[in-house]
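Encoded as structure tokens, the structure appears first; notes follow it.
The values are calculated or read from the model by the stated rules, or taken from the named source; none is laboratory data. Nothing here was measured: the structure is a model prediction, and the numbers come from that model. Counting neighbours? That spans all protein chains shown, and the Cβs are built from the backbone with ideal geometry, glycine included.
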């Protein structure tokens, strides 16, 4: 794994420092400094719809630039910040004892529905401002997803630690 890390940093010196987490093949709930998150392989993204993953344009551009670099990531993973006052609240006591796997259905419930397209949210803010009301979109809980490139040593094995390189993060 160290050799892969050296190679990645040689080819792209701005690559952020990776996080060391176990590789998982199903969603896992974790606490990070008191904030609940769900992470797992991008193919099991709880925010994915039949049309694919919703990504802001700047993130799409960044990922296209990274793809051109042909970095040798073995897999991609995604992590979603969860609202500690929302559906994740009931999981917090158990998560204080450590990470916990969850089903795809649980992950979808915890993450919630796909976000409203940013253009629709902006239009709602403009209309609300014109009508003298507080923008509905401002009341939404905006949570951060993070997309990671992942490498293991020499392969990704469920349960074994891997390096998770943050590639893109955004706020809805």
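Among (1) in a loop (DSSP other than H, G, I, E, B); (2) within 16 Å of residue 147 (Cα to Cα); (3) touching a helix residue (DSSP H, G or I) at 6+ places or on another chain (Cβ under 9 Å), which single condition is residue 17 missing?
Answer for residue 17: the failing condition is (3).
So, residue 89, is that one loosely packed, with under 12 Cβ neighbours inside 10 Å, over 17 Å from the mean Cα position of the chain (by Cα) and either modelled with pLDDT of 90 or more or not in a helix (DSSP H, G or I) (or both) or not?
Spelling it out, it is not the case that residue 89 is loosely packed, with under 12 Cβ neighbours inside 10 Å, over 17 Å from the mean Cα position of the chain (by Cα) and either modelled with pLDDT of 90 or more or not in a helix (DSSP H, G or I) (or both).
Go through region 92-133 and give me each residue that's at pLDDT 60 or above, on the phi < 0 side of the Ramachandran plot and in a loop (DSSP other than H, G, I, E, B).
Hits for region 92-133 are 96, 97, 99, 102, 103, 113, 114, 115, 116, 131.
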